[in-house]
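Rule-based calculations on the coordinates, nothing more; no lab input. Predicted, not measured: the structure shown is a model, and the values here were computed from it. Please note: Cβ atoms are built from the backbone with ideal geometry, for glycine as well, and neighbour counts cover all protein chains shown.
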Amino acid sequence: MLIALHTFTTASTAGRNMVAKVIDGHAVARQVRAECRELTKSLVERGVTPGLAVIIVGENAASRVYVANKVKACTEVGLKSTVYAFDADTPGATVEAAILRLNDDPEVHGILVQLPLPAHFDVRRVLGAISSDKDVDGFHLYNVGGLVVGDTVFPPCTPYGVQKMLEYENILVEGQNVVVVGASNIVGKPMALMLMQKDATVCICHAKTRDLAQFTILADILVVAAGKPNLILPQMVRTGAVVIDVGINRLPDGRLVGDVDFEGVRRKASYITPVPGGVGPMTVTMLVHNTVKAAQRHAALA
């Protein structure tokens with residue numbers, strides 16, 4: 001009995017003293033961008049400058065910031081980026097016509113439509129107008145369907161960034177229990193499909209899931225993209241789990257936080273991503289990566 005009690009106490013103390021390694025999204029992004037820079041240099045030497053066209057509609061302040069960050073990332077790596085800005089009351093047909101012209105432009109290798117679009121737009125129709133060969137955001141139905149069969153051309157940027165972060169830290173995915181909290185088409189669903197392709201056992205939770213903690217506590221890897229601050233508390237996380245926080249929420253006091261109680265959970269997890277500075281830098285970086293890949297595909301076919 002004394003031995004059993006001693007063993008329990010030691011394990012409990014170890015759990016309390018654990019402090020997760022913080023995965024630095026900026027460091028991973030720098031590595032991926034350095035690789036992209038070398039690939040771009042090689043393409044330019046062959047007469048191909050990777051080109052990204054960004055379409056933005058309206059005056060959404062956050063969208064303007066996101067677009068500026070994407071243009072900056074392209075410049076850093078050596079890509080050519082062009083922004084096409086439309087007024088909020090622009091007819092959907094006008095934007096679709098612009099996309100079709102860009103589809104035929106040999107100097108444009110990637111096309112991105114910055115979301116959200118104004119309410120009168122049919123978002124699926126607009127995204128569907130983008131050629132699947134230039135859909136560097138990975139939202140075209142062809143690329144989404146490709147995730148199911150494991151043959152997508154361009155994976156969606158945010159889950160692709162998460163995958164790169166796991167690879168960067170040499171975190172085993174095969175055979176692991178993965179719980180994804182959030183079932184959006186942009187993050188949750190594609191994330192689950194990508195991890196299944198790596199032979200993880202995946203569970204998707206969403207807004208209608210009852211007793212969320214009974215699922216999250218089983219996760220070796222927990223990916224949270226629900227858009228609700230402090231949704232995940234320490235008691236909901238398995239000791240030693242890898243916690244990837246994709247959420248980004250602005251509190252009334254102006255602070256940016258994720259969906260995870262960072263300070264509490266980091267004392268229980270083995271790895272954790274911060275907000276900001278975690279997954280965020282990877283989203284833009286994988287957009288650049290996909291654009292370079294598109295240019296490589298174009299050069300191979302030329």
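Work out the charge dipole of segment 157-279 with +1 on the Cβ of Lys and Arg and -1 on the Cβ of Asp and Glu about the Cα centre, then indicate which of THR239, ASN249, ILE171 is farthest towards its positive end.
Farthest along the dipole direction, towards plus: ASN249.
Using packing as a proxy for protection, rank 173-183, 285-295 so that the peptide with the highest average count of other Cβ atoms within 10 Å comes first.
So the peptides 173-183, 285-295, ranked by packing, come out 285-295, 173-183.
Within 10 Å, count the other beta carbons around each residue, average over each peptide in 191-198, 119-126, and list them highest first.
With the highest mean Cβ count within 10 Å placed first, the list reads 191-198, 119-126.
Work out the FRET efficiency for ALA97 and ARG124 from their Cβ-Cβ distance, taking R0 = 25 Å, and round it to the nearest 0.05.
0.90
Going by C-beta contacts inside 10 Å, put LYS134, LYS228, LYS189 in order with the fewest on the left.
LYS228, LYS189, LYS134
Pick out which of ASN230, ASN170, ASN249 has the largest mean-square fluctuation in a Gaussian network model of the chain, springs linking Cα atoms closer than 10 Å.
ASN170
Which log10 I(q)/I(0) values, to two decimals, does segment 47-148 give at q = 0.18 Å⁻¹ under the Debye formula with one point per Cα?
-0.86
Which value, in debye to the nearest 20, gives the size of the charge dipole of the chain about its Cα centre, when Lys and Arg are +1 and Asp and Glu are -1 at the Cβ?
Once rounded to the nearest 20, the dipole reads 560 debye.
Could you tell me the center-to-center distance, by alpha carbons, between segment 109-157 and segment 72-89 in angstrom?
Segment 109-157 and segment 72-89 have Cα centres spaced 17 Å from each other.
In the Gaussian network model of the chain, springs joining C-alpha atoms below 10 Å, which of PRO159, PRO106, PRO276 carries the largest mean-square fluctuation?
Among PRO159, PRO106, PRO276, the largest GNM mean-square fluctuation belongs to PRO106.
Two decimals is fine: what is log10 I(q)/I(0) at q = 0.18, 0.24 Å⁻¹ for segment 207-302, from a Debye sum with one equal scatterer on every Cα and no solvent?
-0.80, -1.19
Using a cut-off of 13 Å between beta-carbons, work out the net charge of the residues near LYS134 (Lys and Arg +1, Asp and Glu -1, LYS134 not included).
Taking every other residue near LYS134 into account, the sum is -3.
Show me 209-216, 26-33, 232-239 ranked by packing, highest mean number of other Cβ atoms within 10 Å first.
My ranking of the peptides, most packed first, is 232-239, 26-33, 209-216.
Mind giving me the FRET efficiency for ASN230 and SER184? R0 is 22 Å, r the Cβ-Cβ distance, nearest 0.05 is fine.
0.70
Please report Rg over Rh for the chain, where both radii come from the alpha carbon positions and Rh follows the Kirkwood definition.
Rounded to two decimals, Rg over Rh is 1.02.
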